[in-house]
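Structure first, commentary second.
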Amino acid sequence: MDMLKQPLAAYLIHRFGPDATVVSALRFPRGSSRETWFIEYRITTDAPLKKIVFRSDFPSGSTIPSSLEQEYFMYERLGHTAVPVARVLWWEQDAVWAARPFYVREHVEGSWDIPHFHDPDPAFDALRIEVSKEHMRNLALVHQVDWRSLGLERWLPAPPSEAEAARAYIDMVEAQLRDLHGEPIPLFVAGAHWLKAQAPVASRLALCKGTNGMGEEVFRNGKIVAMSDWEEAAIGDPAADIAFAQEMVSDIERDGKKIWGLPQALDYYASVSGIRVTLEAVGFYRLVQSLKMIMYSQSAAVGTHSTPDAHIRQAWTGTEVAHVGKRIMASAMGLGPPLPGSRFVELNKTME
């Protein structure tokens with residue numbers, strides 16, 4: 001754990017007392033934005049096993065432009081709401097212990113993996129639909145958060161109006177790319193301009209999670225018990241979250257009839273949230289996602305070239321993710337052929 005200047009065992013003694021012992025330390029293999037460790041420990045030899053999570057930037061930084069401190073802030077604030085999140089325990093930046101800042105949160109029992117969710121057998125249709133509904137219910141909780149009373153605008157600037165939400169979001173992504181001082185990307189500039197010209201009006205200004213869906217939330221017994229990865233949180237259009245949801249709105253067709261898909265998911269979301277999101281708005285933000293892919297890949301590339309300690313996943317983000325993001329945008333603008341569906345499957349498998 002190179003986020004620590006001293007051994008983990010010594011740090012746990014520092015935090016929990018002289019009899020604290022490390023049982024296990026496992027680095028989470030997924031994720032390309034930040035470094036995550038799962039720690040098991042006991043306060044005394046006979047004490048119950050406890051689990052916590054350490055979270056830090058990579059030695060070369062994060063591929064996400066938002067700060068680790070912002071992520072910590074989001075967890076702390078959301079702990080006062082109905083949104084299921086892990087409780088944050090402390091922030092650490094004491095130079096005696098921390099090679100770089102990190103924070104610690106509770107470990108929530110569960111898994112991002114849902115058995116049979118990807119099984120095409122019709123016997124699991126009800127499971128896939130219910131999991132999708134569960135995700136819609138939890139996005140509704142996020143979008144109903146009173147972000148003003150929580151003071152979230154301290155870290156998340158709010159657009160001036162619903163009409164400006166989409167353009168403000170693209171402005172933010174453009175600014176993040178400029179701040180990297182990387183290589184010029186003409187397709188990114190053209191794509192941002194093209195998208196702003198057709199920006200939809202948001203149904204409301206809401207807290208949006210950003211990255212969400214499969215691999216981002218913790219499930220137990222079919223229910224979401226913790227929503228993770230708040231580094232992309234923003235105030236904006238709820239349609240963005242539905243567009244960015246990973247693998248949670250799959251088409252299910254039986255006997256020539258579509259029994260589940262994006263239209264059905266949006267109807268269900270409206271019934272539990274009171275917020276109507278259009279198909280067109282979701283399609284728009286799916287293209288905005290390609291701009292984000294390009295920006296994140298540039299961030300990863302800058303980090304990879306700037307330090308010998310760059311993580312291999314940052315190199316992957318700086319290459320494969322960049323290529324896919326550019327292909328999507330070029331196709332949408334009529335500058336290239338559509339990306340084959342198999343390419344997305346390959347990308348998802350690479351992420352694993």
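The values are calculated or read from the model by the stated rules, or taken from the named source; none is laboratory data. The shown structure was predicted, so the numbers you read here are calculated from the model rather than taken from an experiment. All Cβ positions, even for glycine, are placed from backbone atoms using ideal geometry, and neighbour counts span all protein chains on display. The protein model used for the area step is the full one, side chains on, heavy atoms only, and it has no ligands, DNA or RNA in it. Shrake-Rupley method; radii C 1.70, N 1.55, O 1.52, S 1.80 Å.
For the range 119-130, 3J(HN,Hα) computed residue by residue from phi via the Karplus equation (6.51, -1.76, 1.60; θ = phi - 60°) reads 6, x, 4, x, 4, 10, 4, 4, 4, 4, 5, 5 Hz, glycine and proline entered as x. Take the chain, connect every pair of alpha-carbon atoms lying under 10 Å apart with a spring to form a Gaussian network, then pick out the residue of Asp255, Asp125, Asp57 with the largest mean-square fluctuation. The residue with the greatest mean-square fluctuation here is Asp255.
The 3J(HN,Hα) values that the Karplus relation (6.51, -1.76, 1.60; θ = phi - 60°) gives for the range 160-165 are, in residue order, x, 6, 4, 5, 9, 4 Hz. Gly and Pro appear as x. Restricted to Cα atoms, the chain shows a radius of gyration and a Dmax of 20.8, 66 angstrom. Rounded to the nearest 10 degrees, the inclination of helix 68-78 to the longest alpha-carbon principal axis of the chain is 80 degrees. Ligands, DNA and RNA are left out, and with a 1.4 angstrom probe the accessible area of the range 169-272 is 41 Å² per residue.
Residue-wise HN-Hα couplings along the range 267-274, as the Karplus relation 6.51 cos²θ - 1.76 cosθ + 1.60 with θ = phi - 60° gives them from phi, are 5, 5, 4, 4, 5, 9, 10, x Hz; Gly and Pro carry x. Surface composition of the range 1-96: carbon and sulfur atoms hold 53% of the protein heavy-atom accessible area at a 1.4 Å probe. Per-residue ellipticity at 222 nm from helix content only, as computed over the chain with -39500 (n - 2.57) for each DSSP H run of at least four residues, stands at -12500 deg cm²/dmol. Does anyone have the angle between helix 279-306 and the longest principal axis of the chain? Alpha-carbon axes, 0 to 90°, nearest 10? It works out to around 40 degrees.
Which residues does the label zone of Glu130 cover in the range 202-224, counting backbone N under 20 Å from a point 7 Å along Cα→Cβ? Flagged as within label range: 213-215, 217-224. The relative contact order of the chain, computed from alpha carbon pairs under 8 Å that lie at least 6 residues apart in sequence, is 17 percent.
Springs join every pair of Cα atoms under 10 Å in this Gaussian network model of the chain, and among Phe16, Phe38, Phe58 the largest mean-square fluctuation is at Phe16.
Cross-linked pairs Lys223/Lys258; Lys51/Lys223; Lys50/Lys209; Lys196/Lys292: Cα-Cα separations exceed 18 Å for Lys223/Lys258; Lys51/Lys223; Lys50/Lys209.
Here the accessible area of the range 115-260 is 53 percent carbon and sulfur, with a 1.4 angstrom probe and all protein chains present. Rounded to the nearest 10 degrees, the inclination of helix 322-332 to the longest alpha-carbon principal axis of the chain is 20 degrees.
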